[in-house]
Amino acid sequence: MANILKNFWASFSSKDRPVKDEDVMYLVTNFDTSPQFNDFSSDVLKNKAVFETPALLKVFCLQCDLFSLGKIKVIQNDKEVTGDPVAELLNNPNPMQSAEQLMWDYMFSLMKGNAYQYVHSNIAENVDNKIYFLEPHKMEWPSSFETRKDKLVFSKNSANEFKNVTIKYKFEDSTCIDIPLSKIDWITDLSNGTGNWFKGNSRIDGLKKIISNSEAALDAININTRYTGKFMVAGQADPKDTTKPPMGDEEKKDIETKMNSAKKVFAVKSMIDIKRFVENIGALKLDESFRTAYFLIGSMYNIPKDVLEAYLQGSTFDNQEKATAKHITYTLQPKANDWLNRLERRFGYDKIGKQIIMSWDHLPFMQVFEKDRAQVRNTQIQTMTSMLKLGIDINEINDFLGTDFKKATYEQPKVNPGGN
């Protein structure tokens, strides 16, 4: 293939011009009709894909920004516990991050496939306790895990064996620390039951073609933009007239010099054609590729189109605010519950009736649910009043409406004997 292309390239080249290997490789790449896609199999490449693909990064920022707007609190007996040590820990998780940054890190890691939470101590009251989310590509798992990663665990002893395993965590300067697996909670975005209990699959693997196409479209925009300011100039010659010699180097240089001069009028022996390399960059519709990739990637992460549009355009409408509120309830809330339930079990809160919850109710667009709830309550009251008029027992009304009223009576309005 390379030799054929080399001869093909040479046929269009001057005899004294050597054929460079990079020219051949350029042709091999560009005349190859098989699809070319990036490989995001490793955690390092997933990081690279996120930060170098604008559409993917935009979706990640949307999801992480929304998630980090939540507020975490500890409740017991339906009341918020003030001064709770875990709530205070989450509000100040480590010396380098705030609560919002920790929440952003959690969602960012989870969207790549796996979030590994390192908790320094299992004791809630430990004043030196710290929480970090580890970077997966810096974690070195023992080789023995390769044979145990998909084994079924039936006994407590087998499960406890994993707690004594040590993970090496390597830093950029090649130093490392040992972290017991007992101090790490791992939360997977997708199921962890597909071949590795300790590492789930990533949605980025399913997006590699969309991401690659988005990158290729951006490259095309760059190339076409650079070539919009370049022109091709050719003389109009009669193809039947073989007596005239082809354009020589001196004539080429003369035309190029005149075209680049400030002169406005040129006298030429024969007419010439002037064409842009790129006639109409808008007709290529390359900018639309970003929006297409953005919406496809967003849908992969269950983000409604209305929410994606609001984040892209910077303004929101009532339907978009309602869609955002639903997205938080149906997509982000379960991810928050998964994370915080791990902390409840770690600190034993599940045994003493404490719950760690995350809520977005303080945000303005969440009030749309309050309106809906108020309308439902108003309808229930009207229905209950009508049923009480008919003399229906309160217990039957509760069963019918799904309410829990203890007592309710209806008094007929008094009629004024005076007739006024």
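Under the condition of being open to solvent by 20 Å² or more (accessible area, probe 1.4 Å) and hydroxyl-bearing (Ser, Thr, Tyr), which residue from region 184-208 is modelled with the highest pLDDT?
Applying the filter and picking the extreme gives Thr188.
Being in a helix (DSSP H, G or I) and either over 30 Å from Asp84 (Cα atoms) or at pLDDT 75 or above (or both) is the requirement here; does Phe369 meet it? Walk me through how you get there before you give the answer.
Numbers: in a helix (DSSP H, G or I): yes; either over 30 Å from Asp84 (Cα atoms) or at pLDDT 75 or above (or both): no.
No.
For region 141-183, how many residues meet the condition of being among the aromatic types (Phe, Trp, Tyr), part of a helix (DSSP H, G or I) and open to solvent by 90 Å² or more (accessible area, probe 1.4 Å)?
Restricting attention to region 141-183, the residues satisfying the condition of being among the aromatic types (Phe, Trp, Tyr) are 141, 145, 154, 162, 169, 171.
Subsequent filtering for residues that are part of a helix (DSSP H, G or I) retains 145, 162.
Going one step further and asking which of them are open to solvent by 90 Å² or more (accessible area, probe 1.4 Å), we end up with none.
Counting residues in region 141-183 that are among the aromatic types (Phe, Trp, Tyr), part of a helix (DSSP H, G or I) and open to solvent by 90 Å² or more (accessible area, probe 1.4 Å) gives 0.
Residue by residue through region 120-134, note down the ones that are over 20 Å from Gly83 (Cβ atoms) and either buried (at least 16 other Cβ atoms within 10 Å of the Cβ) or charged (D, E, K, R) (or both).
Listed by number, the residues that qualify are Tyr132, Phe133, Leu134.
Of all residues being surrounded by fewer than 17 Cβ atoms within 10 Å (Cβ to Cβ) and among the β-branched types (Val, Ile, Thr) in region 40-80, which is nearest to Gly298 (Cα to Cα)? Just the residue, please.
Step by step, filter region 40-80, then rank; the result is Val44.
One line per residue, one yes/no per condition, for (1) modelled with pLDDT of 90 or more; (2) surrounded by 12 or more Cβ atoms within 10 Å (Cβ to Cβ); (3) touching a strand residue (DSSP E or B) at 6+ places or on another chain (Cβ under 6 Å); (4) among the charged types (D, E, K, R):
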| site | (1), (2), (3), (4) |
| --- | --- |
| Met271 | no, no, no, no |
| Phe277 | no, yes, no, no |
| Glu288 | no, no, no, yes |
| Thr324 | yes, yes, no, no |
| Leu340 | yes, yes, yes, no |
| Asp350 | yes, yes, no, yes |
| Pro364 | no, no, no, no |
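Among the residues that make up region 134-154, is at least one of them under 22 Å from Arg345 (Cβ atoms) and at pLDDT 95 or above?
yes
The values are calculated or read from the model by the stated rules, or taken from the named source; none is laboratory data. From a predicted model like this one, the values you see are computed outputs, not experimental measurements. Glycine gets a Cβ as well: all are built from the backbone with ideal geometry, and neighbour counts include every protein chain shown. The accessibility values were calculated without ligands, DNA or RNA, using every heavy atom of the protein model including side chains. Shrake-Rupley method; radii C 1.70, N 1.55, O 1.52, S 1.80 Å.
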